[in-house]
Each structure stands twice: as structure tokens, then as C-alpha cells.
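Have a look at the structure below before the remarks.
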Amino acid sequence: MAAAGASAVTVRALVPGADVALIERVLNVHDAPSSTTFVCVGDEISTEGQEGFLRGHGTQVVDGKLVATVCGVVERVNKLIYVKTLNSRYNAEQGDVVVGRVADLAGKAWRVDLKSRQEAKLLLSAVHLPGGIQRRRNAEDELNMRSFFREGELISAEVQSVHADGSVALHTRSAKYGKLVCGQLLEVPPNLIKRQKQHFHTLEALGVELIIGCNGLVWVAPLRPDRLAAANAAAGGGAGEEDEAAAAQPPPPPSRTQLEVVCRMANAIRVLTRLYMPVYPASIMATYEAAVEGEVALADMLEPGFLEAVVAQEAQRRSSAMQE
């Protein structure tokens, strides 16, 4: 029996293909011909007019015909034909901002799960020391590695290098990187993340911090004074005494308004993910503002009514952009 005053929890049945059907219904594309660019396993890929083609990833020659071995989009580069999968694991590139979870400590390094093909490595020599001190790491630092990051903790970092065997080395040599606490972690397909020059976003007007990891992990949290000080230090090229003092103080508990904004922002990202739309600051804010202006309740942002409104708004925006 539910406790008195407790809010009801709505459990929705998972209907495969429901989101795709919703998009087709709003855009009225039920009778649109299927594109030959998209293929499933076993589909034949046309090679008409391409003599001497090169078989690429996701393809195989069967009985003289080129067929797909994975589901995805057919890409053609000169004579090379390959299939690009729609939902694949993250492939790291140097300079990527990522969000990961510490899996283990091994020697003088942490192993970090980035939701990629293999775990990344964060060396003790590649972390930011308190106060920004530049010195060699010693045996005492190695013994106190868990004072920096423990197993199971979330961190933000940058890809320092990608080796030939696919292994990834990370670093957190800036105050803006480090441990993440008191927020929401969202998982998005990496191919929906739109690469930007800046993946750390401080929304002071809303009191929210947003980190869009290139590996598909997105962090949304109430803005803390220490994180704001780190952002100001990064923008100004260094941390002043006031910034260092703010970073040293424990963060105050977030207000109810901040928590509601964080939940709305997280739901906006969930909406974009369900509708297979690119996830970047402009699209997140457009979805957030649409919910606020339409006075959509927090619990109703994932309902079909609001999803249809977002699809129609995006279709109108793209139509206007094409006319211009």
C-alpha cells in the first residue's frame, strides 16, 4: 500500500518502433519510398556502374553480389564501398572531452570506462594536483591515489592520445576536469553528439552546469561555486585568490528550483535521444524552452504529445532554414 501523500509512479510499456512511428506520423511520411541508402544484414548493395569496386567494412561478396553484414548507411568514397553503422561504440580522438566512470586502480593509473571498445587509462602523472602545483609524483601520491578518484566515481577528462592498438590515454591537467558529484548522468548514442569547440557549458542564468561528453555520456548538475571558479579560471587563463577560496569551500546544497531545472534539462536530452536528433547546447535549450513556454509538466515531457510538438518544431525550423 502506498504511503499517504506519495506521488503516483507511471509505468509505460516499451513498444519497439513507437518513436519512429511517432516521427513518421508527425511528418506524414507513411507512404514515402524507403531509401536504398539504408541496408540491413543480408541486403544487396548495388554496384551498378562501379567496376573494380573495393569492399569495405560491413560488406561481403556472396555469389558475386555485394551484401551488407551490418545494419547502417551505405557510404561510397571513390571505389570504396562500406556500411556505416547507425549505433556504434565510441571511437576516441585526441582532444575529445569525455565523461567516464573509474573502474579500477592499476599501478600508477586509473582505468576508466568510457563506454568504448576498451577501458581508457588515466596516469597519476596526468592528473591536476590541488592548487595547481607542478611537481613530480612520488610514492606518497601513489599510496593516496584514492584521495583523488575512487572506484565507481564519475570524472570528466580529455583524451590525451590514442595509441595504435586502440588504447586511450586521458588527462585531467586543468581545474575544469575532475570528479563529478550531485548531478544526473545521461547516456546518448555517440553518433548523436554534435562535436563543438566547447563541451563545458555553464548556464549561470539557470544555475546549471552541462558537460557533453564526446563518448555519449552527458552530465547535468546544479552549478557549484567551485565549478564556476574553475570555469572562470580556464577562461581567464589562471585562477585568482578568490577563485581558489571558492573552490576550497564545500558546495551549498542545491535549491528546489535548481533541481527542477536540472531535471527539465535532463528530460530535454532524453527527448532528443528518443527522437534521434543531434544533442548540442542549442537543441537542448530549444527543447527546454519549448517545455517551459508550453507549460509542460516535468513528468509529461516524455509523453507522445510533447514529442510530437518537438518534431513539428524541428521540421518547421529546417523548412525555414532551407527557404532562406
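Here, each number is a calculation from the coordinates, and none is a lab measurement. Note that the coordinates shown come from a computational prediction; the quantities given were computed from them, not determined experimentally. All Cβ positions, glycine included, derive from the backbone under ideal geometry; neighbour counts span all protein chains shown.
Some notes on this structure:
- A cut-off of 5 Å between modelled amide H atoms, ignoring neighbours fewer than 5 places along the same chain, links ILE193 with VAL279.
- Greater than 19 Å apart at Cα, pairs in LYS84/LYS121; LYS121/LYS197; LYS121/LYS194; LYS121/LYS179: LYS84/LYS121; LYS121/LYS197; LYS121/LYS194
- If you plug the beta carbon distance of LYS115 and HIS163 into 1/(1 + (r/R0)^6) with R0 = 25 Å, you get a FRET efficiency near 0.85.
- Summarised as an ellipsoid, the range 124-167 has semi-axes of 21, 15, 12 Å, derived from the eigenvalues of the Cα gyration tensor scaled by 5 and square-rooted, with the largest first.
- Protection proxy ranking, highest mean first, for peptides 280-292, 306-318, 60-72: 280-292, 306-318, 60-72, where packing is the per-residue count of other beta-carbon atoms within 10 Å, averaged.
- Projected-area average for the range 41-89 over all orientations - Cα convex hull basis, square nanometres: 3.3 nm²
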